[in-house]
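Working notes for the structure below.
Each reported figure results from applying straightforward, stated rules to the coordinates on display, with no laboratory input. What you are looking at is a predicted structure, and each value in this text was computed from that prediction instead of being measured.
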Amino acid sequence: MWLLFALLSALFAALTSILAKIGIDSVSSNLATAIRTVAVVIMAWIVVFITNEQGGIGSISRKSWVFLILSGLATGASWLCYYKAIKIGAVTKVVSVDKLSVVFTALLAFLFLHEQLTVKTAVGVLLITAGVLVMVI
């Protein structure tokens, strides 16, 4: 089931890039990011209420709050940079470079989460890096 959701995530991410590039034409990248963020917040809270998960707020630990907020700040910084990049660059190149997040995630997961960096993962990281270079150069 995770694969289905991952594929849907990739499809929606692709739609996000195309729709954003069209929508950002005469809008500042920061304002566009703020508008997108409001839409995401509304959608996320609708899903929380539809699934009746709002009662779980009180049981969230302090550690989880801190790391979820830090994750949100990282997401915000990523989105601001991403929208600025697609505003001034070719969306295919920006999206390609953005996929280096897979490489950074593998390295950070190894360093901070102590996940294994297997030969298969290392080869994948190298192939993604090579693919990004081919797409951008």
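Could you tally up the Lys pairs in segment 1-133 with alpha carbons closer than 21 Å? Skip any pair fewer than 8 positions apart unless they're on separate chains.
Here the count comes out as 8.
I need the phi-derived Karplus couplings for segment 38-49: 6.51 cos²θ - 1.76 cosθ + 1.60, θ = phi - 60°, integer Hz, Gly and Pro marked x.
My calculation for segment 38-49 gives 4, 4, 5, 4, 4, 4, 4, 5, 4, 5, 4, 6 Hz in order.
Please list, in order along segment 80-87, the HN-Hα scalar couplings obtained from phi with the Karplus expression 6.51 cos²θ - 1.76 cosθ + 1.60 (θ = phi - 60°), rounded to whole Hz, x for Gly and Pro.
4, 5, 4, 5, 4, 5, 6, 5
Of the listed values [x] 34, 24, 16; [y] 23, 20, 15; [z] 27, 24, 14, grab the one calculated as semi-axes √(5λ) of the Cα gyration tensor in Å from the structure here.
This structure yields the entry labelled [z].
For the chain, what is the calculated [θ] at 222 nm in deg cm²/dmol (nearest 500), taking -39500 (n - 2.57) for each run of four or more DSSP H residues and dividing by its residue count?
-27500 deg cm²/dmol
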